[in-house]
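> Supplied in structure tokens, the structure appears directly below.
The values are calculated or read from the model by the stated rules, or taken from the named source; none is laboratory data. The structure presented is a predicted model; accordingly, all values stated were derived computationally and were not measured. So basically every Cβ, Gly included, is an ideal-geometry build from the backbone, and we count neighbours across all protein chains shown.
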Amino acid sequence: MRPLILLLMLLVSPAIAETVHFPSATTPPTPLQQRLARERDQPIMPQPTTALVGELHRPEGTGPFPAIVALHGCGGRGLKEYEDAFAARFTALGYVLLIVDSFTPRGVAQRCDSPASDEHVDRVMDAYGGRRYLAGLPFVDPQRIAAVGYSQGAMVALSAAALGGIDTLFDRHFRAVVAFYPNCASLTGSVSVPTLILIGALDDWTPAGNCEAMMVRRSGEGAPVKLIVYPGAYHAFNARSLRDKPRTFLGHHLEYNAAADMAAWDAMAAALREAFSR
């Protein structure tokens, strides 16, 4: 029944898509920089930033709509046919979706075999750049913007909402975070906004056990975190490009799981409805 309902929603919910350009965010001037600029009667020079590209999908109508900043994994953006189908699921719910491309503007093909570096911080700033761009659109409600990330993008989304972290540099924050199969090994679990983590029990790239351990060691500070582990599901369990063709990549098993995909979608949709109050 669910596929039929979703199909009917898509048929009656036409969407508008376009490629857009916007800058990655930069940190605002510190109080000291502001004071020195006033004393010297000099303007604060803007920080260098990266010009990003993204795909913007929105429902028809004037809104204002809630919006999602989508953050891709270490392999970059997916094929257009799958990306468009993915976006249609969000616009059918009445949400604007911005798929941020962090790699193409930087000449990066993938970062799946590289250790974490400063580029992670760059991607967090990309997330806030996407949030700032969406907040300036007349058909988006600037108070209802969430981040949804996948694998490496999930780590970016969680970093964007880490309690006492980068989010303290910005006056507007994400309303909620949804993280699909992140690496929880080094996370404290303390976040500033409601957070949902979705992961497969058989994930051998970002093991679910690390997320379960994170939940045990959480201090209880900050906003609530909910973890859902799907039995029988591997890494990238909702990647429909893997349907009927599981594969091994860098020694890790990737496989689509329809039951986990639908259950995770329902869990995410419920979390977003609660965060957006609709």
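> Could you give every pair whose Cβ atoms fall below 9 Å, whose first residue belongs to region 232-246 and is in a loop (DSSP other than H, G, I, E, B), and whose second residue is polar (S, T, N, Q), counting only separations of at least 6 or pairs across chains?
Between residues of region 232-246 that are in a loop (DSSP other than H, G, I, E, B) and residues that are polar (S, T, N, Q), the close pairs are Gly232/Asn257; Ala233/Asn257; Tyr234/Asn257; Ala236/Ser151; Phe237/Asn257; Asn238/Asn257.
> When you scan region 111-135, how many residues do you find that are modelled with pLDDT of 85 or more and within 23 Å of Leu250 (Cβ to Cβ)?
The qualifying residues number 4.
> Ok, one more. What pairs come out if I take residues in region 202-223 that are within 12 Å of Cys184 (Cα to Cα) and pair them with residues that are in a helix (DSSP H, G or I) and among the charged types (D, E, K, R) whose C-beta lies under 9 Å away, six or more apart or interchain?
Here the result reads none, with nothing in region 202-223 linked to a residue that is in a helix (DSSP H, G or I) and among the charged types (D, E, K, R).
> Here's something else I'd like to know. Among the numbered criteria (1) touching a Leu at 6+ places or on another chain (Cβ under 8 Å); (2) of a type outside the set (Ser, Thr, Tyr); (3) without any contact (Cβ under 8 Å) to a residue 60 or more places away in the chain, which single criterion is violated by Arg172?
(1)
> Just a yes or no: is a residue in region 137-150 among the aliphatic types (A, V, I, L, M) and free of Cβ contacts under 8 Å to residues at least 40 places away in the same chain?
No.
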